[in-house]
Amino acid sequence: EHKEHLGQVKRLEDRDGDGRFEKATVFAKGLRWPSAIHCYGGGLFVGSVPDLIYYKDTNDDGVADEKKVVLTGWGNRAGTLDPEGVFGSLAWGLDNRIHGLVNRYLGVITNPNDPGAKAVTLGGNFAFDPRTMKLSIEAGEGQYGMGFNDDGRQFLCRQHRHIMTHL
C-alpha cells in the first residue's frame, strides 16, 4: 500500500480567453488517487480512495480552506486499499443526486459525520444526495466515465466496453 498522498486538484485559469491556461493553482493537495471530481454548492466533491471529500474555498483565493470527509470506505479489499477500487466518475443525474462509478471491489461505506447512518456495502455503482449524504446502491459497474442523456439514461464505460448502458 502506498503511504504517500501525492495527488492534487488544480484550478486552471484562462485569463485572456485564448483557450490556453495562464495560471494553475493547487486547490487541494495530499490526496490518495484522486480520480473523480464534481462541482457542487460552490465547492468540489473529490473521490480519493477511501474517501469522498468535500472541499470549498471560502476566502476566494483559489485554494480550498474547508475540507470535510463526507463518506468513507471505498476501495477496501481484504483490509487494504486497492488502486483498482478508485472512483471512476461522478455525474449529476436528473434525480438531483450525484451518481458514481467504482470498479467491482467492495467497500463498506459509512458517513463519519452521522454515526447513526446505516453503512452501505457497495460492489459497483452508487448515487448520493449531496444535501443529506444519503447513499444508495445503483445497478451495474463501470470504470472510467459516465454521463446521462437528456432522458436520464445512463451511459458508462469499462476498458473492454467503451460505451454501455443498462436497460
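Just so it is clear, none of the values below were taken in a lab; they were calculated from the coordinates. What you see is a predicted model; the values in this text were computed from it and never measured. Note that we place each Cβ from the backbone using ideal geometry, even for glycine, and neighbour counts take in every protein chain shown.
Here are some notes:
- Taking a Cβ cut-off of under 15 Å around ALA64, the surrounding Lys, Arg, Asp and Glu residues balance to a net charge of 0, with basic ones at +1 and acidic ones at -1.
- Across the range 6-15, computed HN-Hα scalar couplings (Karplus, 6.51 cos²θ - 1.76 cosθ + 1.60, θ = phi - 60°) run 9, x, 9, 10, 10, 9, 9, 10, 9, 6 Hz from first to last residue, x flagging Gly and Pro.
- Note, ³J(HN,Hα) from phi for the range 115-126, Karplus 6.51, -1.76, 1.60, rounded to Hz, x at Gly and Pro: x, x, 5, 5, 5, 10, 8, 10, x, x, 6, 8
- Under the simplified labelling scheme, the ARG15-THR58 pair shows an inter-label distance of 2.8 nm, with each label point 7 Å from Cα along Cα→Cβ.
- Backbone geometry of the range 42-53 corresponds, through the Karplus equation with coefficients 6.51, -1.76 and 1.60 at θ = phi - 60°, to 3J(HN,Hα) couplings of x, x, 9, 8, 10, x, 9, 3, x, 10, 9, 10 Hz, x marking Gly and Pro.
- Taking amide H as placed 1.01 Å from N in the peptide plane, the amide H of LEU71 sits under 5 Å from that of LEU52, each at least 5 places away or on another chain.
- Out-of-range pairs (alpha-carbon distance over 31 Å; input LYS23/LYS134; LYS23/LYS68; LYS10/LYS118): LYS23/LYS134; LYS10/LYS118
- Amide proton proximity set for GLY30, modelled H, under 5 Å, gap of 5+: GLY7
- 5 angstrom amide H check on ALA36, placed H, neighbours 5+ away: GLY47
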